[in-house]
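Heads up, the thing below is written out as structure tokens.
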Amino acid sequence: MKNSRLWASLLGFTLLTTALFIFNVATGRGPVLGLDLRGGLSVIYATAEPATQDDLIIVRDLMRDQLESFGIAEPDVRVEGDNIVVDLPGVSNQDDAFEALQVSGIVELRPVLQCQALTPPESTVPGSSVPGTTVPDASIDSTGDSSESSLGSAGAGGRFARAFPMTTPDTTPPTTAPPLLGPAAPTTTLSPEDLGQDVLTNIDDTLACIVGPSGATGEVFERKSANVGIDPNTGQWTVTVDLRSDGQDAWNALAAECNAGGASCPSRQLAIVLDDTIQSAPTVNQPFFSDPTVQISGAFTESEVRDLAMVLNRGAFPVEVVQQRVETVSPTAGTDALRAAIFAGLVGIAIMLLYMALYYRKLSVIIVLSLAVWAMLVFSMASFASNQWNYAFTIAGATGVIISVGVTVDTYVVFFERIRDEVRHGRSYLNASIRSFKSTWRTILAANFVSFLAAVVLFWLSVGSVKGFALYLGMTTVCDVLIFYFVSRPATILIAGTGWFDPRSSKLKSKSETPAIGATS
């Protein structure tokens, strides 16, 4: 083993690690702190049914889009195993975050059989239409009142009706225009009789409707295609959404069914349902949509039309996800936790270095040098992991790093104890260092491999903060092996070759030892 190779290993690896550290610090690419160190909100979702990895990725992307549409910056949404983890470090408005995440189901399209008002509507002049319903071709429901919104092809100028048809007081005998559900009828009349039917309410719980089985899901809509606008002819708010090429047939089948007004859809309304809540129930005014763009218009407010557009954009959820766990951390608690983690780590390292200095004397210099390079390498790898793979640095990760310091010290204890045994047998520190590395390298490698294997298994099987602990434990274990081989080993041999470790080096050195460092006795 030549000195040039040892110097190349020591200087090359140290300079490379230092350069990476300086680059990350200069560009501000430090580890992204998790919500337990910054404060924020964390939610874990699981699928209600078996799902493929592609399905989970689609849900992840849709969740991220929805959070960003709420103005929540840099949401950390990731797939971990069969779960979707949403971390929102530093989120300032948790109400918006909860609102964005509380809807977790899939959009369904279901024919409406009949509806009944749960709260009495405002008194109006008999026979008048609901405000904002003077839309051309507005449909008439079975009660004889104008619908509030309508659905049609954007290119054909057709219309839907707003969210729900509302009945108005009428003085005519009940036999002339019987309501869908009599006001005096018992609540049991709302119970569906046919298999697959359900009683659902609208968003503000003013209507209860019996809806038929789901005819399609929101996957008939093109992702992120729903847009809000104003009809230049009527001045009303509209939502336009594109149909997918493979969803047009399913959509047209439902449109034809509802437009016909048969037994399966006597109201001619098609309910857009999310989480068992009717978001809108437009009336279908044409049986076939040749134009892939569908327009929903009516007496919407701006807030209502934007909410509907968001629901349609969410319609591409391929599977239903359910909320498993919610955790909130205040910013103050996060700052305190960060300070506590730094303090605990520094105190632990200081005590360990003091003990090593008292016990190993000059050999402890190797530990200080190696730990300094190790810390820079861990910082760079943590920065890469958090910025490229969205694994934020959390308290669990800090715990993994602190524990790995102990694993690293164990490496030096094994190495240095073997050196001391060799010296006790009369060998110089130079020969003892070389012999000790050869005899302990496999032991050190095996011990670190066990730690790394445990971290991999824990990372694979766990979720949330435990996964962060496993990630940083495994990552720092790899750093330990690299630092020991490329820094600690050559540094120990080179310093031992100077005789600084061995007070008797001048007496023990012989001509046979001086030219070749690799010579053994």
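The values are calculated or read from the model by the stated rules, or taken from the named source; none is laboratory data. Predicted model only: the values in this text are computed from it and were never measured. Cβ atoms come from the backbone with ideal geometry, glycine included; neighbour counts cover every protein chain shown.
Got a sec? Which of 416, 459 is within 30 Å of residue 327 (Cα to Cα), part of a helix (DSSP H, G or I) and either at pLDDT below 95 or in contact with a strand residue (DSSP E or B) (Cβ under 7 Å, 6 or more places away or on another chain) (or both)?
Every option except 459 fails the conditions.
What residue, among those in the stretch 419-434 that are modelled with pLDDT of 90 or more and among the polar types (S, T, N, Q), is farthest from the chain's Cα centre (by Cα)?
Once the filter is applied, the top-ranked residue is 431.
Given the criterion in contact (Cβ under 8 Å) with a residue 40 or more places away in the chain, under 15 Å from residue 377 (Cβ atoms), aliphatic (A, V, I, L, M) and not in a strand (DSSP E or B), identify the matching residue among 10, 16, 62.
None of the others qualify; the one that does is 10.
This table checks each residue for (1) in contact (Cβ under 8 Å) with a residue 40 or more places away in the chain; (2) charged (D, E, K, R); (3) crowded, with 20+ Cβ neighbours inside 10 Å.
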| position | (1), (2), (3) |
| --- | --- |
| 228 | yes, no, no |
| 240 | yes, no, no |
| 268 | yes, yes, yes |
| 274 | yes, no, yes |
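Could you check how many residues of the stretch 431-450 are polar (S, T, N, Q), buried (at least 19 other Cβ atoms within 10 Å of the Cβ) and either touching a Gly at 6+ places or on another chain (Cβ under 7 Å) or within 30 Å of residue 467 (Cβ to Cβ) (or both)?
Qualifying residue count for the region: 1.
Quickly run through the stretch 355-412 and pick out the residues that are crowded, with 17+ Cβ neighbours inside 10 Å, more than 21 Å from residue 344 (Cα to Cα) and touching a strand residue (DSSP E or B) at 6+ places or on another chain (Cβ under 7 Å).
Scanning the stretch 355-412 gives a single hit, 386.
I'd like the full set of residues that are without any contact (Cβ under 8 Å) to a residue 12 or more places away in the chain and of a type in the set (S, T, N, Q), limited to the stretch 37-56.
The answer is 52, and nothing else.
If you go through the stretch 21-71 one residue at a time, how many are crowded, with 18+ Cβ neighbours inside 10 Å, among the aliphatic types (A, V, I, L, M) and more than 17 Å from the chain's Cα centre (by Cα)?
So the answer is 1.
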